[in-house]
Structures are given as structure tokens and as C-alpha cells.
1. I'd like the distance between the alpha-carbon centres of the stretch 258-288 and the stretch 316-360, rounded to an integer number of Å.
2. Between P297, Y84, A448, whose Cα lies farthest towards the positive end of the dipole of the chain when Lys and Arg beta carbons carry +1 and Asp and Glu beta carbons carry -1, centred on the Cα centre?
3. Using the Kyte-Doolittle scale, which helices in the chain average at least -1.0 and also have C-alpha atoms spread 27 Å or more along the helix axis, with helices defined as whole DSSP H runs?
4. Ranking request for peptides 252-259, 173-180, 519-526, 633-640: highest mean number of other beta-carbon atoms within 10 Å first, then the rest in descending order.
5. What's the ranking of 133-145, 117-129 by average number of surrounding C-beta atoms within 10 Å, highest first?
6. So how far apart, in nm, are the two label points at A653 and N552 if each is 7 Å from Cα heading toward Cβ?
7. Work from the charge dipole of the chain (Cβ charges, +1 for Lys and Arg, -1 for Asp and Glu, about the Cα centre) and give the residue of L186, S601, F502 farthest towards its positive end.
8. Charges on Cβ only, +1 for Lys and Arg, -1 for Asp and Glu, centred on the Cα centroid of the chain; of S431, G200, I271, which one is farthest towards the dipole's positive end?
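The values are calculated or read from the model by the stated rules, or taken from the named source; none is laboratory data. Treat the numbers as computed from the prediction; the structure is a model and nothing was measured. Here the Cβ positions follow ideal geometry from the backbone for every residue, glycine too, while neighbour counts run over all protein chains shown. Side chains included, ligands, DNA and RNA excluded: accessible areas come from the protein's heavy atoms. Shrake-Rupley method; radii C 1.70, N 1.55, O 1.52, S 1.80 Å.
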Amino acid sequence: MTRWIAMMAGLVLATCAWSETTVRYDWLTQGERSGELVVTRHDDGARSAHFEFNDRGRGPSVDTRFEVGEDGLVRRFESSGKAYMGAPVNERFEYAEGTASWTSTLEAGRDAGPLDAFYLANDSTPEYSAALARALLAAPDRQLPLWPAGTATIEKLADEAVEHDGESTTTSLYAISGLGFDPQYLWLDEDKELFALAFGWMGLAPEGWGDVLPALEARQQLARKAHLEGRAERLTHELPVAFCLRNFRVLDVDAGRLRDGSTVRVDNGVISGVGDDSAVDCAGLTSIDGGGRSLIPGLWDMHVHIDAGDGALHLAAGVTSVRDLANTHDQLMDTIDQFEQGTAIGPRVHRAGFIDATGPFAAPTGNLAGTLDEALGFIEEIHQQGYPHIKIYSSIDPDWVAPMAEAIHERGMRLSGHIPSGMTAEEAVRSGFDEIQHINMVFLNFLAGPDDDTRTPVRFTLVAEQGGSLDLDSEEVQDFIDLLARRGTVVDPTVTIFHSMFRHRSGEVDPSYAMVADHFPPNVRRSMLGGQMDISDDNAERYAESAQALLNMIRRLHEAGVPLVAGTDALAGFTLHRELELYAQAGIPNADVLRLATIESAKLVGDGARIGRIAPGYLADLVALDGNPLEDISAVRETAMTLKGNRIYQPAAIHRALGIDPFTESIDAPVASTRAD
């Protein structure tokens, strides 16, 4: 969502000085103003905009100015400022003398020919996306090629009348396709000017009009659900009550080996038999021939913030179960219902409740407590809602942790989270933490001092600057690792996001996705050129050493017996593959990597007797791979089939529907068995 916010940070409106007009918008987080968009329409036809917001110390601050012709196509564009994580923004585009030319901190290019395309900026303001919408609405067939690459289309979905303080207006919902995996939505007014953006707990509305966002969000969700339901109808295939998977190499996750020539029988979505072909009765049943492919249990992503639109990416990647670690209750339950009913493609979801404290760096979603008593009240409410687990966040008062842990454990629930600012990880563990989210929090145990506010991006920059110099063999580090091992404290590294932060220089494809980026739609790939941190020749080597130190720490944790889970907190599906690759690069054996991403994750959430193995009595959440993941962990990318109970998905078909070039072709649709009784 962060990348979409950055991209949508570019829609267009107007301003005034003498005959100019200025329009102001509020950026809202959970209904509270946290930023602004100021748009000016100049009397020479140009438009300028300033956009900024604060998201826990992060957020863009971008100034743009652009000119368009009567056809809505951009003649000139410029932007400056900083991106969401602080990387510099400096971008220019011009069409002159029959040539389009562009340059930025990320890329440069030229294209000679007619002005028949719209320049899609890397970093802009929500006003610029409104400019794109207007150009698309004026274009033949409502479609335009884009510079540097791709094609965009627009569709009007709905009209909605809204009212504020006795003033009413009608706004229209539009969906722009071609910028990402899914359509991207915006609301325009009757003059086709930007009216609003709705992102769930964040959004943009005219100054003072924030109270209309919930209604717009609700209407937008109806349109989005219709889109997702149509996709699910096309790409989900129901299998018979009983069927067989034949000629697979089945992974025994406990033994860490593949068993050749295996057959798996499934009845009512549950595995009823596993063995060689002669040992499993498949007479008369529909059969799926694996052609000698590897068959593994469905993968788990143990750190997501699930959205219904993410589900297809998860299933195409072989991720059949996820753990949600912060969401609004109503949105989460609605998403789970869509997945279970089959109106959206998605994995099984295990829930964790969420609590943070109020304040300037509070989380943008979930329950925000002003006092310990409020926090304890939220614990009881979350317990009553049936959650088995609560995650807490960086603004929680360290003095609250022990009583919160006691209340959580009394109710049979688990406690995990960020280490609250002003507290060490060791203190959090001794106060009752069962699990630590993010490997940087382990490093901050040794690097953060009393004056370091880890509610802010300091929790990233401090580790980037100093992580590589931490002596991982020191007595202090070893004592902490021993504490985690003795207590069985789980670590959820999400190391891929830190590798992206610490190794990704602007202008290069994010190294966490470089191996897959060429498969993505052009503008998704292009979005991966923008680095998050300001990496230069002066700090690149130091940051890379810190990125390696994270992997070295993960290996030491595993070798010491500290439980690890594979989570991402990033792009669905593809990031989990990279997370597993990084664990293998750290020195964890592939069999152990697969075990922690399957049965060990299931055990942690209390489902180890039902999910995570290919054995009788286990749910048929299964993934077919073209390669051998015990020999090369990257084989997890070569997903040829995903099963979730009696629903079968063809990853190649899902990828094509999302504009992704498949990584391998899917297994053919099942055919009736010809085996004799």
C-alpha cells in the first residue's frame, strides 16, 4: 500500500493568486488529520501541488508542478522533495520538438515521436493521478500508452452523493488499471477534479470533509468486492469430493526428504492416504498427474496485514496460510469471510489482535490506549472476539508490558510485538513477550540508548548505521540468545524488508525482487527502482555489512534453538520466497527452512495436528513445484499448482490475470482416472 500511496501522491487540482485558485485537502489517519495536499491552478494553465503526511515519523514531502495540453497529456512535469522513507525526489519530464525526455534519481530516457502517451511520474502528489484520470477520460476508448512503459485504462464505477455541514455534492468513483496488479481507485468531483482517496485507515478529502470518507470507502469496497469475486469465479476450480494426486515426489517435512513416486488421496478436503501407487486406492477417482514434480505442504506467511486483494498473490505463490498481525477487526473478519466463501481468492487466516498507545507515533490501525486500564480493557475485548494472540507496538509504555502480559497470559493468549521505545528486548522478554517481531528489534537490544526514540525511523537507521559493527560473538549477545532459547521466545525476522532498506540504491531494481521483477507489469517493475533510504557511496558498504549481520544473527538464533517463523510484512507471495532464500543464504539448511515455513508455523498457532504435513488427517493444503526445494530453495518460486482443500488454483493463470509473466506452466486440469480396480 505504501507504494500506491506514493504513486497516488500525484493527483491534480487548482489554485489562485490574482486569478489563481488554491484548494486544500486533509490527509487523514484513522480519521485524524496527519498531512495535507495543497493544489494550485495557475492562470497560465499550469498546476502545482504540495503533498505531505506523517506516518510514525515516515512520510513523503513532495512539491510538483506540471502543464498539460487540451488533450490532458503532460508537456512538462517536475517534482522535488523526499519519498516516504526519506529518499530524495528530483524528477523532470518535458515534451519538446517531437521528443519526450525524462530524468530522475531513478532513471532517464528519451522517446522521439508524437505526443500520444502520458508520462507516469515516479514520485508525485495525488493531484497528478487525477491528471492521468482526466487524460484517460478524454482519450479514445479511455486508454493511453504510458511513458516510459505500459498502458493505462479507466472505468467509471459509481456515483455517490455526500454531504458536509449542509453542503452536498456528487462524486464519482473511477478505477485505473495498468499501474499495478489490481485497479487503483480515486474519486473525482463533477468537474473531474480530485475529490478523495480512500485507503481504509488512511485517506484524502477536501479540507474539513473527512467525515465523508467512511461512506466513500464503503462504496469503493463494494466495487472492489465485485472485481475480486469475478476474478475468483474465473480462477478457482472446485474438485470432486474425492480425488487423487499421483506421480509426485512428496515432501516429508519431519524427515526432510522427498519420497518419489507417491500418491495422495484426498476426501472432503482432507488427506486420507499417502503412499506408493499400489498402496492408495484411487479406483474411479479423478486424478491429477504430477509428472514427477515435488509436492510440499502449503507455505505459511507469519507476518501479514491481509487485504482481500492480496489473496491471489499468496495462493499463486503457494502460500495457503497466513497470520495477520494488525488490522481493524471488522475489515479482517470481512476479508476472512470473502476467502472462506470463495468470493475472493485467498489463504487461511490466523488472527492476532493489536494494541498501541496514543501519541504522535501511534500505529495507523488497531486499538489505541491512552492508559493502562484502557489497554487492559482492549485485551478483554480482543479475547472476547476470539483472538488467540495480541501484538503490541512501539508506543506502549514499558511499564505497561508486564501487567499486559499477565492479563494476556491469564486468558490463554500469546503476546508478541515491537519492543516498546525506552525498553530493551531483554526487558520485554523478561516481562512476558512470547515473540519478537522484526530482526532489527533484536539488534536494538544492543544498539539503542535511552535517548533513541525507536517509535521513529531511528529503529531502521540505527541498525543500518551500526548493525554491521555489533560483535555477534560477544558475551552480551550470546547471553541474550541463550535467554531466547531457554524461554522458547520466537523471533519473526522479516529480514527481506531490511535487506531492501539497507541494500537498495535508488535507480536500481530492489535486490529483494531483482530475480522476479522482469516478470512484473512494467509499472510495478518500475516502482521497484525507488530506494527507501538515502544510500550513497559514503554509507553503502556500511549498510551492506549491516544487512549481512542480520543474516548472521538469524543463523546464530537458529543454531541456538531459538524458534524462527517466516514472515514478510511486504509484497504478498513473492516476499515469502525471498525470505526463505535469505534464511538459506544465512546458513540454515533447506529442510529446516521448509519445516519452519510449514509444520512449525502451524504448531505455533495451535494447528500442528491439522495443517503443515502431507499425512492422513491433515488438510489438503498442498503445493506442486517444478523443482526440488531441498536442493535449491528458490524452487519455491516454480509453483505449478496450489490446493486449498477441494479448491485448485493454477498459478500461471492467476499470474496472467494480474499482468505477471508466469514462472512455470501450471499442471493440466484434472482428468478422470483410467486405473483399473
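1. Their Cα centres are 32 Å away from one another.
2. P297
3. Counting only whole DSSP H runs, the qualifying helices are 213-235, 540-559.
4. On the way: 252-259: 15.0, 173-180: 21.1, 519-526: 19.4, 633-640: 23.5.
The most tightly packed comes first, giving 633-640, 173-180, 519-526, 252-259.
5. Highest mean packing first, the order is 117-129, 133-145.
6. The answer from the label model is 4.9 nm.
7. Of the options given, the answer is S601.
8. Selected residue: I271.
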